[in-house]
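J.: Dropping a structure here in structure tokens format, bear with me for questions.
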Amino acid sequence: MTPLGPELRRIVGDAHVLERASQLLAYRSDALPGLRRAPALAVFPGARDELIAVVRALAAHGAPFVARGAGTGLSGGALADGVTLLGLHRLKRILALDPEARTATVEPGVVNALLTRAAAPHGLHYAPDPSSQAACTIGGNVAENAGGPHCLKYGVTLDHVLRATVVLPDGEVVILDRGDEAPGYDLLGAFIGSEGCFGVVADVTVRLTPDPERVITLLADFTTVRAAADATSRIIAAGILPAALELMDRPTIEAVESSIYAAGYPRDAAAVLLVEVDGAAAGLDDDAAAVEALCRAAGARGVRTATDPAERARLWQGRKKAFGAMGRVAPHLVVQDAVVPRTRLAELLDTIAAIGARHRVRICNVFHAGDGNLHPNIPYDAHDADEAARVHAAMGEVMAACIAAGGTITGEHGVGLDKLPYMERLFTADTLDAMCALRDVFDPARRANPGKVVPVHSCREWHAAPAARGLP
Amino acid sequence: MNRDQELREGLDACVHCGFCLPACPTYLALEDENDSPRGRVLLMAALADGTVRADDRDITAHLDACLGCRGCETACPSGVPYGLLLEETRARLAKARPVPFVARLVLAVFAREWLLRPALAFARLARGSGLAALLARVLPAGFGMPFAMLASTARPAARVWTPEGDGARGTTALLTGCVMEGLFASVNRATERVLIATGHALRDAPGQRCCGALHAHAGDRATAQVLARDNIAAFERSGADTIVVNSAGCGAMCKEYGHLLADDPAWSARAAAFAAKVRDAHEVLAAAAPVLPATADGPRVRVAYDAPCHLQHAQRVVQPPLAVLRAAPQVALVPLADSDQCCGSAGIYNLVMPDVSSRVLAPKLARIAESGAQVVATGNPGCLMQIGGGLVRSGSGVSARHPVELLDEGYARGAGRD
Ligand SMILES: Cc1cc2nc3c(=O)[nH]c(=O)nc-3n(C[C@H](O)[C@H](O)[C@H](O)COP(=O)(O)OP(=O)(O)OC[C@H]3O[C@@H](n4cnc5c(N)ncnc54)[C@H](O)[C@@H]3O)c2cc1C
Ligand code: SF4
Ligand code: SF4
């Protein structure tokens, strides 16, 4: 058999296969800080046929591979450890956009925000709006079942994907469809969120959502984080379903306000809530007034309403770039993702603050409060071994607290490589076995994204030896 | 902070979020993360750490392919000072390996008036005789573009008017620039007229030279420093309150003289004082808020504004050029998608890397065509020539003009009515 490299070069052209170590430097990381894995080879198909041929060549060689979109993932999912990295970013065409049917079919490398930009002239948008939407790809969104601030009302990726063409790891091309009347098991549902372990998305048909008639964006500022969390519960309890409900605490506000995306958040607030209500113009002012009253009742010091689209955009830019803005606080950053029951949000924030204080680390909270989806982040200096140790100890405790409160270890960033050690804290060996069995349906050879999400070999084997993996 | 620390801290500020990827024209054109800002930051870090060699083409090719447009900086939430990192890295690389021949030649000419003047005079001759236009048409891609760029600098004879002004807004001196004065002298004259008309007094600054931007960006910091010192002295002698620059690339460089000469105790304070006085022409004009009689009756031209990278991303001057265009009564502004993306000119990039440059230019030309504009306005000679040359070669009827020229024409019309 011809070696893999030359064969891939024949398919995609010399410029799109990288094999030398110094060419692969830039592909050793994704957006998860701190974790690096060197791929053995990288290949970037530029058309659907090339993609299929590449996957078939990989299959013929029995070569494991890792799909990569924009590499904005926060769990190390797109890292290839000594195997082939399959970049999908060149497949970036919008294949069809049907304003009547309100659907679009796109290649996997289309950037999320560009789909919304293309739909905008028709009064439509693609609803799932991860904060990374300016950069992340639809293929990566499908693989991670990405959410975003507006998923509180509009649902996550899963709720907006109608159909996907998937190249299975053995090279077979299948169409996973979820037409309303499609009988049988929801295989598309199983595929969405499979973190690149079930196959490669070759194209996706998604639902486009009509732009709301009107949008009102409010910024409430609080002198305690607890009061902000309390306001969140009150708003949901009152039966209002905001389009988005986001909380940022002071360290986050400071980072944003010092960045190029300064949004005008009050620097002296302990926390701000960014609340958006949208829908039919009639009655929307009442919703906004009710949100304001509930915030004030919970102790808000002030509530501001964005007066024009530019201010609204600025308020959102600040939120969406918050994670990046933390980069200016310290050279390194741990980003976490956990979900807790919304009713226990206030209590957990207190617990997290206490953990931070005990380990002398600075925890920044910025999260989807409406969903109880926490993102505790810690900026730190990894060159300082003592600080690094304290940061990791604190993170372990934070995650344990979330699990103990009945929560889970990822809301939207996925398990990837980063969360692997937590899986067996959360699931029994039987459940992990069931996950492996499901995977075997799509990828019996376990060549797609090996070593991620669930264990490398058999689940039981992995489960039997937790100590060997250095649990935090 | 010394340059080592500055480099290290700048590199460390990157959190790998990827927000810069879609803002990077070379990533979009070449589709390799090595040619993206995030990738280049990783490569620069590897160079700084010494884990790769300065003569490793797998590393340097991607740093050479960077436009230096700094579109990544205005996309970066973490404040990575990309332009500074690139300049520092290129300065280090220049010591370790030879600068490409074409670049060396161009840089040498720009640093020597006795070579630059005749070169520009010859270029004007080629333009005036129609030779440039001819060659732009008949030569194949890579060879025809430079002539198309030159042909596009030709201007219809402008109606010259005599401005009146009271000088109440203080004294200004214009950095005339090498290419601006050599090929776009009419833009400089227009700038002088509108400065006077908006209440500025003009001072001469003889002895001024090339700003040194081309040299600094290519890693030749020493030559850039020589040029900067001469300019600082020349403008000090002029006694002007404000140093006006109508070329975005030169303006960005002049504003950074303080940093360029930070290591030079004899000059650092003078450089900082100079830099503090530098304004882009649009900033000065927009602040003066020129009010021109609206010409609802006169014909209007559809104008699209394309932001020069060194104005939008380096100087972060975004609104003033639009204000200048709005003040010109004959202008009807139309939106231009991706107007904040680089056109591929990037100093001498289009001469050194013609292939990548033309791939970056292609989407720009497509967006211009979609906008329906008759004129593209942009305030930088490199962009005027790159876009202008692209328009000439694609046979488009659209022309590329400096916003200040359009404002000047607005004044000329008003003057005609008086
Ligand atoms: C600043 C910032 C904010 C973020 N905010 C959010 C947020 O609000 N909500 C959220 O859900 N996430 C968020 N994320 C995480 C990340 O952006 C998402 O997980 C996103 O879906 C990843 O897309 P990507 O194209 O970058 O994929 P990558 O990071 O390249 O890959 C992610 C995973 O998807 C797989 N994959 C990629 N493409 C394909 C394909 N075509 N077929 C099969 N598998 C594939 C990869 O193998 C990998 O396992 C954020 C990240 C950052 C940096
Ligand atoms: S946007 Fe800034 S922090 Fe993010 S990857 Fe690019 S350079 Fe790094
Ligand atoms: S300066 Fe321009 S070309 Fe260079 S990395 Fe930044 S965005 Fe890309």
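No value in this document is a laboratory result; all are computed from the given coordinates. All values reported here derive from a predicted model rather than from experimental measurement. Here the Cβ is made from the backbone with ideal geometry for all residues, glycine too, and neighbour counts use every protein chain on show.
J.: Could you list A:Trp316, B:Trp114 so that the one with the fewest beta carbons within 10 Å of its beta carbon is first and the one with the most is last? Intermediate results must be reported in sequence, preceding the final value.
T.: On the way: A:Trp316 22, B:Trp114 8.
Fewest-to-most Cβ neighbours within 10 Å comes out as B:Trp114, A:Trp316.
J.: Taking only the alpha-carbon positions of the stretch A:212-328 and ignoring solvent, what does the Debye formula give for the base-10 log of I(q)/I(0) at q = 0.10, 0.12, 0.16, 0.23 Å⁻¹?
T.: -0.27, -0.39, -0.69, -1.30
J.: Related question: Using only the alpha carbons of chain B, determine the length spanned along each of the three principal axes and report them from longest to shortest in whole angstroms.
T.: 69, 49, 43
J.: While we're on this one: Could you bin all the Cα-Cα distances of the stretch A:87-239 into 10 Å bins starting at 0 and give me the percent of pairs in each, rounded to whole numbers?
T.: Whole-percent P(r) values from 0 Å outward: 11, 37, 29, 16, 7, 1.
J.: If you consider only alpha-carbon coordinates, what radius of gyration and Dmax does the stretch A:325-421 have, in Å?
T.: Here Rg and the maximum Cα pair distance are 12.8, 38 Å.
J.: Shifting gears a bit: Gain in length, A:His122 to A:Arg10, computed as 0.36 nm per residue apart minus the alpha-carbon separation, to one decimal in nm?
T.: Working: separation 112, 0.36 × 112 = 40.32 nm, distance 4.09 nm.
Gain in length upon complete extension: 36.2 nm.
J.: Additional query: Stick to Cα atoms and the Kirkwood definition of Rh, then tell me Rg/Rh for chain A.
T.: Details: Rg = 22.4 Å, Rh = 23.1 Å.
Ratio of gyration radius to Kirkwood radius: 0.97.
J.: Please average, across the residues of B:26-34, the number of beta carbons from any other chain that are within 10 Å of each residue's own beta carbon, and give a whole number.
T.: Details: counts 0, 1, 2, 0, 1, 10, 11, 12, 8.
That average works out to 5.
J.: Between B:Thr171 and A:Ala297, with labels modelled 7 Å along Cα→Cβ, what's the label distance in nm to one decimal, could you check?
T.: 6.8 nm
J.: If one takes the longest principal axis of the Cα atoms in chain A, at what angle in degrees, from 0 to 90 and to the nearest 10, does the Cα axis of helix A:309-320 lie?
T.: That helix lies at roughly 60 degrees to the long axis.
J.: While we're on this one: Using a 10 Å cut-off on Cβ atoms, rank the peptides B:207-219, A:203-215 from the highest mean neighbour count down.
T.: On the way: B:207-219: 24.7, A:203-215: 18.8.
Order by mean packing, descending: B:207-219, A:203-215.
J.: For the stretch A:283-363, which semi-axes, largest first and in whole Å, follow from the square roots of 5 times the eigenvalues of its Cα gyration tensor? Mind dumping the intermediate values first?
T.: Numbers: eigenvalues 171, 86, 26 Å².
After diagonalising the Cα gyration tensor, the semi-axes are 29, 21, 11 Å.
J.: Compare the peptides B:125-135, A:99-109 by average per-residue count of other Cβ atoms within 10 angstrom and give them in order, highest first.
T.: On the way: B:125-135: 14.9, A:99-109: 19.2.
The peptides rank, most packed first, as A:99-109, B:125-135.
J.: When A:Glu172, A:Glu387 are ordered from fewest to most other Cβ atoms inside 10 Å of their Cβ, what list results?
T.: Lowest count first: A:Glu172, A:Glu387.
J.: Give me P(r) over the protein assembly as shown, computed from all C-alpha to C-alpha distances, binned every 10 Å, as integer percentages.
T.: Final binned percentages: 2, 11, 20, 23, 20, 14, 7, 2, 0, 0.
J.: Using a Förster distance of 22 Å, how high is the FRET efficiency between B:Arg300 and A:Ala313, based on the Cβ-Cβ distance and rounded to 0.05?
T.: Values: r = 30 Å, r/R0 = 1.34.
Taking R0 as 22 Å, the efficiency between B:Arg300 and A:Ala313 is 0.15.
J.: Just checking the output field for A:305-312: average partner chain Cβ neighbours within 10 Å of each residue's Cβ?
T.: On the way: counts 0, 0, 0, 0, 0, 0, 0, 0.
Whole-number average of other-chain Cβ neighbours for A:305-312 is 0.
J.: How crowded by other chains is B:74-84, given as the mean number of beta carbons from other chains within 10 Å of each beta carbon? Walk me through the numbers before you get to the answer.
T.: Details: counts 1, 6, 8, 16, 12, 9, 3, 0, 0, 0, 0.
That average works out to 5.
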